[in-house]
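In what follows, a structure is listed as structure tokens, so that the remarks can point back to it.
The values are calculated or read from the model by the stated rules, or taken from the named source; none is laboratory data. Everything quoted here is computed from the prediction, not taken from an experiment. Methodologically, a virtual Cβ is constructed for each residue, glycine included, from the backbone with ideal geometry; neighbour enumeration extends over all protein chains shown. These accessible areas exclude ligands, DNA and RNA; they are computed on the full protein's heavy atoms, side chains included. Shrake-Rupley method; radii C 1.70, N 1.55, O 1.52, S 1.80 Å.
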Amino acid sequence: MSKVISIKIVEEWILILLIFSIMASIGNVVGYNYPFSESFIGMLILCIITLVGMLIEKIIPYNIPSILYISVIGLVLALPWSPVSDLIIYYTSKVELVSLTTVLLAYAGIGMGTNLKELKKVGLRGVIVTFFVIFGTYIGSALIAQVVLSFTGII
């Protein structure tokens, strides 16, 4: 059984991905001195892969998250024997992860700021739990990185 998808939903996805691409590309220019055109092409490649993965998730009748499809498509396109791998790798290497997360976190912040009723429902306990989750994730990641980097002799 396929999930419902309309042209309007796909148009909204494309618009959001396009806005996200422009903002992330500007972040790559400002933060990493990459040419805007190369960053934008890299972002468009990532967005096309994302859009295709999201469409497949809606079309295929199994309950598999779109992130799986997106990851597999990206992986297959970047494999050395893919005819487009050099192009994909070149342009997507002009997109830094930090510029993507900056835009994503800004969007999340705006979303939370415009929905204060929902934020109030979470309350102080929710804020405290969120703080500890973020703190624990950061400390855990730092410890794993320290162990791996020490084990490999990089530090």
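Structure summary
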{"item": "Accessible heavy-atom area order of Met23, Met54, Met43, highest first, probe of 1.4 Å", "result": "Met23, Met54, Met43"}
{"item": "Dipole-positive endmost among Asn28, Leu87, Phe131 within the chain (Cβ charges, Cα centre)", "result": "Phe131"}
{"item": "Tensor-based shape of the range 5-100 (alpha-carbon gyration tensor, a/c under 1.5 rounded, otherwise prolate or oblate)", "result": "oblate"}
{"item": "Cα-projected label distance for Val72 with Val129, points at 7 Å along beta-carbon direction, nm", "result": "3.3"}
{"item": "Spacing of the two label points (7 Å from each Cα toward its C-beta) at Ile144 and Leu44, in nm", "result": "3.5"}
{"item": "Per DSSP, loop chymotrypsin sites (Phe, Trp or Tyr not before Pro) in the range 1-100 with at most 13 further Cβ within 10 Å", "result": "Tyr62, Trp81"}
{"item": "Solvent-accessible area, 1.4 Å probe, carbon plus sulfur percent, for the chain", "result": "76"}
{"item": "Potential extension, Ile19-Leu87 segment - 0.36 nm per residue separation minus Cα distance", "result": "22.2 nm"}
{"item": "Contour excess over end-to-end distance, with Cα ends at Lys120 and Lys3 and 0.36 nm allotted per residue", "result": "38.8 nm"}
{"item": "At least 20 Å along the helix axis (C-alpha) and Kyte average at least 1.0, DSSP helices within the chain", "result": "7-32, 36-59, 97-113, 116-152"}
{"item": "Estimated [θ] at 222 nm from DSSP helical runs (n ≥ 4, -39500 (n - 2.57)) normalised by residues in the chain, nearest 500", "result": "-28000 deg cm²/dmol"}
{"item": "Separation of alpha-carbon centers, the range 65-89 and the range 9-47, rounded to whole Å", "result": "18"}
{"item": "Volume in Å³ per residue [convex hull over Cα atoms, computed for the range 1-42]", "result": "78"}
{"item": "Relative contact order of the chain, pairs being alpha-carbon contacts under 8 Å that are 6 or more residues apart, as %", "result": "22"}
{"item": "Per residue value of the accessible surface for the chain (all protein chains in place, 1.4 Å probe), Å²", "result": "73"}
{"item": "Heavy-atom SASA rank of Ile88, Ile128 (probe 1.4 Å, accessible area, largest first)", "result": "Ile128, Ile88"}
{"item": "Potential lengthening between Asn33 and Leu55 on full extension [0.36 nm per residue; Cα-Cα distance subtracted]", "result": "4.6 nm"}
